[in-house]
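The values are calculated or read from the model by the stated rules, or taken from the named source; none is laboratory data. Predicted model, so just to flag it, every value in this text is computed and none were measured. Methodologically, a virtual Cβ is constructed for each residue, glycine included, from the backbone with ideal geometry; neighbour enumeration extends over all protein chains shown. To get the accessible areas, we keep the full protein, side chains included, count just its heavy atoms, and leave off ligands, DNA and RNA. Shrake-Rupley method; radii C 1.70, N 1.55, O 1.52, S 1.80 Å.
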Amino acid sequence: MKMPLTVAFFSWEYPPHIVGGLARHVAELSESLANEGVRVHVFTVGELNEIEVMASGVIVHRVKPLVSKASFYDWVCSLNVAMMQAFQEIYETVHFDLLHAHDWLTEAVCSVLQKTYDVPLVTTIHSLELGRQGEISTELQRAIHEKEVSLIRNSEAVIVCSEFMKDEVNLHFETPRKPTVLPNGVRATEWPVPTSLSFLSDVGISTGANIVFSMGRMVPEKGFLTLIEAAELLKNEGIQFIIAGTGPCLQAYRDEVAKRKLHHCVHFIGQVDDYLRTLWMEVAFCCAFPSTYEPFGIVALESMVQGCPTIVSKTGGLKAIVQHKKSGWHVEGNEADVWATTIREVFRNQDATRHIAQEGQRIAQTLYQWNRIAKQTEMLYEEVLYERITAEETSSHIVSVQECAHKVGDKRKTIKTEGVLS
């Protein structure tokens with residue numbers, strides 16, 4: 001009977017601190033690994049320094065960054081120091097087999113712990129600064145890129161969520177081994193039937209409205225400006241656009257809606273929890289995700305698993321998740337008129353699109369199960385540990401041979417000195 005592995009996760013996001021899809025990924029993967037028997041400790045941000053044991057058995061160490069009023073980069077650095085302190089406090093009582101970093105934000109703590117305690121490091125790259133920005137030009141971008149370089153170079157294994165990200169990492173980085181593609185997963189959750197549809201009236205929408213739902217972090221690469229432009233083209237066709245999420249561009253998007261006089265059909269509703277997200281997907285006639293850069297696109301899976309017709313940009317990981325007119329719809333580029341045409345097509349042919357949505361739901365429920373992905377992740381962990389043990393044994397053997405050679409050489413010198421060998 002094999003001993004269970006003990007793994008330390010490091011992530012700046014973990015529920016309830018949710019910025020994007022990373023938080024859900026770390027929560028679902030850690031819980032699914034725990035269900036497989038892996039002992040998982042998650043080191044993440046918190047308002048207070050505290051330890052919480054989840055129902056799944058995952059142990060969450062929430063740490064408070066050492067500084068609160070600082071630049072984002074300095075805040076991340078102070079978070080790494082706090083994570084390091086929390087790890088060191090329990091290291092004497094917990095034997096960790098592996099460290100698992102999630103993106104550049106935890107590079108500092110993982111690099112130090114890897115070298116200090118000689119624990120192998122596995123890294124999941126969820127996105128790249130070069131991909132998000134299109135170029136590396138500012139001092140901050142260069143600093144983040146260097147963190148990514150260091151993390152990838154020093155990892156015994158690198159995980160990416162899509163073939164698209166595998167190509168990106170291979171193109172821009174040197175890795176000790178080729179990245180392993182392990183997709184994000186999705187979980188179909190049974191929610192209680194809502195007692196009212198007040199979430200509609202809260203936004204000023206009537207029951208039975210024709211709704212397009214979208215969500216994501218309010219940043220340029222999510223393509224929400226394209227959706228606003230498409231809404232303007234459809235403003236007289238009785239379609240309501242609901243866009244959930246927060247981020248640095250939220251106010252700019254609201255200002256754009258005001259400038260275009262689209263208050264009656266475009267609504268930014270801020271951050272929503274999983275339950276409310278599911279309710280919106282259930283009442284929408286489609287979900288639309290117009291990203292220009294998307295390493296994976298977990299929101300598309302969340303839409304598909306609810307059986308909602310799903311329209312995505314033909315880019316990044318999205319184009320692999322969705323098969324055009326088989327499990328959803330692709331839109332080439334970010335032209336608003338093409339998006340408007342596709343949304344109109346889905347809206348006008350809702351009976352015909354039901355079969356496509358059902359196929360999308362079937363794919364999401366089978367190929368993207370978290371327990372399946374957890375098993376693949378555990379196998380990768382075991383490969384890393386096996387390769388390390390093999391390398392250590394080989395290295396030990398080489399050292400022994402070299403020591404023998406030196407001893408033979410020394411003996412030959414002694415014999416020659418004594419005149420036995422001439």
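Numbers at a glance
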| quantity | calculated |
| --- | --- |
| Hey, Thr226 part of a loop (DSSP other than H, G, I, E, B) and of a type outside the set (A, V, I, L, M, F, W, C) or not | no |
| Enumeration of residues in the range 195-232 that are over 13 Å from Phe268 (Cα atoms), in contact with a Ser or Thr (Cβ under 9 Å, 6 or more places away or on another chain) and open to solvent by 20 Å² or more (accessible area, probe 1.4 Å) | Leu197, Ser201, Thr207, Pro220, Glu221, Lys222 |
| Filter result (under 16 Å from Leu105 (Cβ atoms) and of a type in the set (Ser, Thr, Tyr)) within the range 138-162 | Ser150, Ser155 |
| All positions within the range 110-130 that are assigned to a helix (DSSP H, G or I) and in contact with a His (Cβ under 9 Å, 6 or more places away or on another chain) | Cys110, Glu129, Leu130 |
| Hits in the range 85-97 (condition: under 15 Å from Val42 (Cβ atoms), touching a Ser or Thr at 6+ places or on another chain (Cβ under 9 Å) and crowded, with 17+ Cβ neighbours inside 10 Å) | Phe96 |
| Only listed residue being part of a helix (DSSP H, G or I), among the acidic types (Asp, Glu) and under 30 Å from Ala157 (Cα atoms), chosen from Glu232, Glu221 | Glu221 |
| The lone exception for Leu250 - which of (1) within 24 Å of Tyr14 (Cα to Cα); (2) in contact with a helix residue (DSSP H, G or I) (Cβ under 8 Å, 6 or more places away or on another chain) it fails | (2) |
| Residue that is nearest to Met165 (Cα to Cα) [pool: residues in the range 115-137 that are among the β-branched types (Val, Ile, Thr) and open to solvent by 10 Å² or more (accessible area, probe 1.4 Å)] | Ile136 |
| The range 49-70: number of residues that are within 23 Å of the chain's Cα centre (by Cα) and polar (S, T, N, Q) | 1 |
| When residues of the range 3-54 are limited to those that are acidic (Asp, Glu) and not in a strand (DSSP E or B), the one most open to solvent (accessible area, probe 1.4 Å) | Glu47 |
| Matching entry among Glu168, Glu107 (being within 20 Å of Gly317 (Cβ to Cβ) and part of a helix (DSSP H, G or I)) | Glu168 |
| Residue within the range 56-73 that is open to solvent by 60 Å² or more (accessible area, probe 1.4 Å) and farther than 29 Å from Glu146 by Cα present | no |
| Ser78 vs. criteria among the polar types (S, T, N, Q), open to solvent by less than 30 Å² (accessible area, probe 1.4 Å) and either in a helix (DSSP H, G or I) or at pLDDT below 95 (or both) | yes |
| Given (1) in contact (Cβ under 8 Å) with a residue 40 or more places away in the chain; (2) charged (D, E, K, R); (3) in contact with an Asp or Glu (Cβ under 8 Å, 6 or more places away or on another chain); (4) open to solvent by 40 Å² or more (accessible area, probe 1.4 Å), index of the condition Asp274 fails | (3) |
| Helices (runs of 4 or more DSSP H) within the range 307-392 that include 3 or more residues free of Cβ contacts under 8 Å to residues at least 24 places away in the same chain and surrounded by fewer than 14 Cβ atoms within 10 Å (Cβ to Cβ) | 350-367 |
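Residue by residue, here is whether (1) without any contact (Cβ under 8 Å) to a residue 60 or more places away in the chain; (2) surrounded by fewer than 21 Cβ atoms within 10 Å (Cβ to Cβ) holds:
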site: Leu99; (1), (2): no, no
site: Trp104; (1), (2): yes, no
site: Val112; (1), (2): yes, yes
site: Glu139; (1), (2): yes, yes
site: Leu151; (1), (2): yes, no
site: Ala157; (1), (2): no, no
site: Ser162; (1), (2): no, no
site: His172; (1), (2): yes, yes
